[in-house]
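Working notes for the structure below.
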Amino acid sequence: MENIKENAKTIIDNINNYNSEVSEIINYYKTAPADKLYQRAASVCENIHGKNIILRGLIEFTNYCTQDCLYCGIRKSNSKAIRYRMDHDEIIKTVEAGYNAGLRTFVLQGGEDSFYTSEKICRILEQIKKVTEYSSSVTLSIGIKSRKDYKNFKDAGADRYLLRFETSNQNLYKKIKINNSLERRITAILDLKELGYETGSGYMTGLPGETEEVRINNALLCRKLDLDMVGVGPFIPSSNTPLGASPQMPLEHAIKATALLRLLLPKAHIPATTAAGSLDNRGREKMVQAGANVLMPNITPVEVKKHYLLYPGKVCLEENGNYIINDLALRMSSIDRNITFSKGTALRFLS
Ligand code: 5AD
């Protein structure tokens, strides 16, 4: 355990130590015109993943949160947030509807909500596996937990875990996350990797105080962590949060980040994120054209999804899962891609 903590520290301290291959990529990122960068990333993506865009059904099952991250609309101190929690049966029903629509990967995402004990999460995982005839993959995205909890979730059927580090800059991290350190978060990511999860992380672009150097380091940290999945989205200032009055930085930072990540981690599964689609109606298409190969239709029941407001202007709040899947299929065909219901297992887990 001490060892993992040491490893986390070493990784953070060595973000800027890299080989000549990485050096060439960073140089290209810094100097190439954006359209060339996107084209190169899209072609690397197509060579490995083809033209298929993998769907993951996202279920936002609770917006209660014990954390107080400065950027987030469901932070603990936001008394304006209307809180909800889906119960066990509602979660299972939502998975079943998604399964019937063809989805084979489900992402359970929530605030850090102590109502969902490790036992409750394990029962949900077991039931999801059962109702999907043991032919789906389940991803958890419920924050930092103890290694023991991560182990229990894995044993109960969790295949994957998403835990964004949000920023690779330790000072910035401390300011926006308050309750824990970047080192603690990286330790959790290393725990997940060691336990055999397909492991995802990622970050936001355009946080106040972020520089181009930080953006490059964010991508380099993803490479150091050798992630299976990486999600990036633009930070969108959210009212009733301490960062609510921050300027909106351009989406291009997030699109460029997508391309850089594709070059640094060719095999990774990289989503075109909802935040990108919320800032710009064609934001997700732009991410796919810069190397993304995953979409995450939000299949949370319409009665509650409008309250999972991490940021304003979120897309797909009125639509149900089937409608969204159709919409995504059309959007992808407009840019010469096809959606696929394949499980989209990380390539290293397939051999
Ligand atoms: N703008 C954009 N993305 C946000 N997230 C949280 N708050 C915001 C915001 N205001 C992202 C974080 C988190 C993910 C679930 O949503 O990166 O990890």
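One table, with the values for the structure above:
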item: Condition met for Glu126 (part of a helix (DSSP H, G or I) and closer than 30 Å to Thr340 by Cα); result: yes
item: Where a residue in segment 9-21 is within 15 Å of Ile189 (Cβ to Cβ) and its partner, wherever it lies, is open to solvent by less than 90 Å² (accessible area, probe 1.4 Å) and in a loop (DSSP other than H, G, I, E, B), with Cβ under 8 Å and at least six apart; result: Ile11/Leu225; Ile12/Ser168; Ile15/Ser168
item: Residue check for Ala346: touching a residue at least 24 places away in the same chain (Cβ under 8 Å) and under 15 Å from the mean Cα position of the chain (by Cα); result: yes
item: Helices (runs of 4 or more DSSP H) (entirely within segment 232-333) containing at least 2 residues that are open to solvent by 30 Å² or more (accessible area, probe 1.4 Å) and of a type in the set (Ser, Thr, Tyr); result: 321-333
item: Segment 199-213, residues that are open to solvent by 10 Å² or more (accessible area, probe 1.4 Å) and more than 10 Å from the ligand (Cβ to nearest atom); result: Pro208, Gly209, Glu210, Thr211, Glu212, Glu213
item: Test for Ile53: is it part of a helix (DSSP H, G or I), of a type in the set (Val, Ile, Thr) and either more than 16 Å from the ligand (Cβ to nearest atom) or free of Cβ contacts under 8 Å to residues at least 24 places away in the same chain (or both); result: no
item: Selected residue (only one of Arg164, Arg160 is closer than 20 Å to Ile11 by Cα and charged (D, E, K, R)); result: Arg164
item: Gly143 vs. criteria under 25 Å from Phe115 (Cβ atoms), under 15 Å from the mean Cα position of the chain (by Cα), open to solvent by less than 20 Å² (accessible area, probe 1.4 Å) and of a type outside the set (D, E, K, R); result: yes
item: Hits in segment 26-51 - residues which are surrounded by 15 or more Cβ atoms within 10 Å (Cβ to Cβ) and over 30 Å from Lys343 (Cα atoms); result: Ile26, Tyr28, Tyr29
item: Residue check, Ile92 in a helix (DSSP H, G or I), surrounded by 21 or more Cβ atoms within 10 Å (Cβ to Cβ) and modelled with pLDDT of 95 or more; result: no
item: Residue that is farthest from Leu162 (Cα to Cα), among those in segment 95-128 that are touching a helix residue (DSSP H, G or I) at 6+ places or on another chain (Cβ under 8 Å) and polar (S, T, N, Q); result: Gln127
item: Breaking point among (1) open to solvent by less than 10 Å² (accessible area, probe 1.4 Å); (2) away from the ligand (no atom under 12 Å from the Cβ); (3) β-branched (Val, Ile, Thr), for Ile216; result: (1)
item: Segments classed as helices (runs of 4 or more DSSP H), wholly inside segment 170-227, with at least 3 members that are touching a residue at least 60 places away in the same chain (Cβ under 8 Å) and closer than 19 Å to Asp13 by Cβ; result: 182-194, 212-224
item: Residues that are among the polar types (S, T, N, Q) and closer than 16 Å to Thr300 by Cα, drawn from segment 49-93; result: Thr62, Asn63
item: Single residue of segment 128-140 satisfying the filter (buried (at least 18 other Cβ atoms within 10 Å of the Cβ) and of a type in the set (S, T, N, Q)) that is nearest to Asn63 (Cα to Cα); result: Thr139
item: Residue match in segment 141-150 (condition: within 16 Å of the ligand (Cβ to nearest atom) and within 23 Å of Lys267 (Cβ to Cβ)); result: yes
item: Answer from Phe115, Phe153, Phe165, Phe106 - the residue that is farther than 24 Å from Asp228 by Cβ and at pLDDT 95 or above; result: Phe115
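Matching residues to (1) without any contact (Cβ under 8 Å) to a residue 60 or more places away in the chain; (2) not charged (D, E, K, R):
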{"site": "Pro234", "(1), (2)": "yes, yes"}
{"site": "Ala245", "(1), (2)": "yes, yes"}
{"site": "Glu252", "(1), (2)": "no, no"}
{"site": "Gly283", "(1), (2)": "yes, yes"}
{"site": "Gln289", "(1), (2)": "no, yes"}
{"site": "Pro297", "(1), (2)": "no, yes"}
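The values are calculated or read from the model by the stated rules, or taken from the named source; none is laboratory data. What you see is a predicted model; the values in this text were computed from it and never measured. Here the Cβ is made from the backbone with ideal geometry for all residues, glycine too, and neighbour counts use every protein chain on show. Side chains are part of the model used for accessible areas, which takes the heavy atoms of the whole protein and leaves out ligands, DNA and RNA. Shrake-Rupley method; radii C 1.70, N 1.55, O 1.52, S 1.80 Å.
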